[in-house]
Amino acid sequence: MPRRGLHLRFTLPLLSFLLCGVSLSAHAGLRIQGRQFVDERGARVLLRGFSLASKMPPFRPVSGAADLDVLQEAGVNLLRLHFSWEAAESERGQYDESYFEYYDQLVEWAWEREIYVIIDFHNNAFSRYAAEGCGSGFPAWAITPEAQTWEPRENGSCLFIYRMTKAVWFGEDNFLTWRDFLENNYGARDRFFSLSRRLAAKYADHPTVIGFDLNEPLPYDTKQGQFAYGLMSTFYEAWAEVIHREMPKAMILVEPFATDHVGAKQPPPMRKPAIANLVYAPHLYEPGSLMFGFPITGYSNAFQSIVARGEQWHVPVLIGEWGAREYGWRASLDLLDHLVRDMDAQGISAARWVYAPDWTPETLDRYHDEDYSCFDDQRVARPACRQRAYVQVLSGVERALSIQHRGEARYYAPWLTWLTGLFRFDATRIELSWDHDPDLGETRIFANRALLFEGAKVQIESAGKGLHCAYDAAERFVLCASPHAGTMRVSIAPDE
């Protein structure tokens, strides 16, 4: 018989089983198994979260632990945490130890909230001293002497996408800087590897730090009219060797070029780097939604080419950035909902762009004209950032999954926004069936009652031998456990 309602009866042994499962599966050691992330028991883990931006001085947007509480409420288990090389080593060979202490505090706060951390060496067009003073990330001294440098512009004085497009596609300086960095022609790569080695040694045994990412390397050769894919694959191999000497468990996120999957039907011609613990981590933006707030090309081809690359390389996919401008049309929001449903169907992890803790209506994301933060200055989710349910930990093999949210479009029809708007879900409902393996612990579904069901009474129905499902104490997650193997089903919906 299905169990109904929020308050289910548990025997003491089963309750103990559930509670033990929470401590193990919620934030246990993460590793790669085939094309999936799994915890130490072997249960599949889906990573969902945000990038946390810090592109402008003083590079310390988090003012206290409470700034991360909103992420915990949103069911986040991944933080792509920007590390500013400029902040850490503004003068060659001289570290600012206070920045390392600040970053270490963020890692600890993430750990306390059961959030995994990816160390993201973030940059845009390499440096604030490049791209006519509109870039971000790396120190001025790391720019090749063959390229021109600029004084950084004041926040708010750059049209970001325009300047990045001009620097990457139409400026030789960007390619020269990236080429000389990747080839270590002037020693900047040596310093970057030393920094990477220090961080890898620091966090080698920390369970919340799982990997490293180099944001958007963009060595586009304007003379040849092509990306230097060979340079990138060779660089990743050398970088991974440095990191893995100190932290063998570290995942290495491999990014293609930022635009590689836009409208693409096939993956880019990039050689798979010969490294352990590789994660394919492309960025996925729909050009219209990114620039104008209205979709133009859609995601279909780009998403399928990303899935294909994961299959070809037989590695997990983690979409390192995705999103749309906050002022976007409803059509952009419908498109994002459609994308997340596709990610759910494929079991793909993702970090949305972006959470800017110091966002204000006047300064926006505190990086020129960027306005993508999913939370405002009161830590309230902004309209473009729907909070969504997802299966965070799965104790077996998924059979079927359906997640729908009230107000979400049932179908997405590109350019036919009026048609999309005619068919919307009238209630939030989560339905999951899976082949359960009790050795893998519990299944853990993010279904925050306050956020996703607006505090309404929720009905939980479960079916399967010995299966019991119920909310945790905070009513953020529904936990399902059974001591028996077999097909299990759970349905979570408003109690009407």
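Numbers at a glance
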quantity: Which numbered condition T417 fails, given (1) at pLDDT 95 or above; (2) surrounded by 15 or more Cβ atoms within 10 Å (Cβ to Cβ); (3) in contact with a helix residue (DSSP H, G or I) (Cβ under 9 Å, 6 or more places away or on another chain); calculated: (1)
quantity: Test result for A131, in contact with a helix residue (DSSP H, G or I) (Cβ under 7 Å, 6 or more places away or on another chain), modelled with pLDDT of 95 or more and small (G, A, S); calculated: yes
quantity: Index of the failed condition, D369 passing every other in (1) modelled with pLDDT under 95; (2) within 19 Å of the chain's Cα centre (by Cα); calculated: (2)
quantity: In the range 79-126, the residues that are among the hydroxyl-bearing types (S, T, Y) and closer than 17 Å to P58 by Cβ; calculated: S84, S90, Y95, S98, Y99, Y102, Y103
quantity: Residues (in a loop (DSSP other than H, G, I, E, B) and without any contact (Cβ under 8 Å) to a residue 60 or more places away in the chain) located in the range 286-303; calculated: E286, F292, G293, F294, I296, T297, Y299
quantity: Contacts under 9 angstrom Cβ, first residue in the range 253-271 being more than 24 Å from S196 (Cβ to Cβ), partner assigned to a loop (DSSP other than H, G, I, E, B) and among the acidic types (D, E), 6 or more apart; calculated: V262/E286; P267/D260; P268/D260
quantity: Those strands (runs of 3 or more DSSP E) lying entirely in the range 377-496 with at least 1 residues more than 20 Å from I115 (Cβ to Cβ) and not assigned by TED's automatic domain parsing to the domain that holds W329; calculated: 396-404, 429-436, 458-463, 468-471, 477-481, 486-494
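Condition check ((1) assigned to a loop (DSSP other than H, G, I, E, B); (2) buried (at least 16 other Cβ atoms within 10 Å of the Cβ)) across all residues:
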{"site": "E241", "(1), (2)": "no, no"}
{"site": "P248", "(1), (2)": "yes, no"}
{"site": "I252", "(1), (2)": "no, yes"}
{"site": "T259", "(1), (2)": "yes, yes"}
{"site": "V262", "(1), (2)": "yes, yes"}
{"site": "Q266", "(1), (2)": "yes, no"}
{"site": "R271", "(1), (2)": "yes, no"}
{"site": "A274", "(1), (2)": "yes, no"}
{"site": "V279", "(1), (2)": "no, yes"}
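Here's the yes/no breakdown for (1) more than 27 Å from A413 (Cβ to Cβ); (2) in contact (Cβ under 8 Å) with a residue 60 or more places away in the chain; (3) surrounded by 17 or more Cβ atoms within 10 Å (Cβ to Cβ); (4) not aliphatic (A, V, I, L, M):
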residue	(1), (2), (3), (4)
W313	yes, no, yes, yes
L339	no, no, yes, no
A345	no, no, no, no
A356	yes, yes, yes, no
H368	yes, yes, yes, yes
S395	yes, yes, yes, yes
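The values are calculated or read from the model by the stated rules, or taken from the named source; none is laboratory data. Nothing here was measured: the structure is a model prediction, and the numbers come from that model. Using ideal geometry, Cβ is built from the backbone for each residue, glycine included, and neighbour counts are taken over all protein chains shown.
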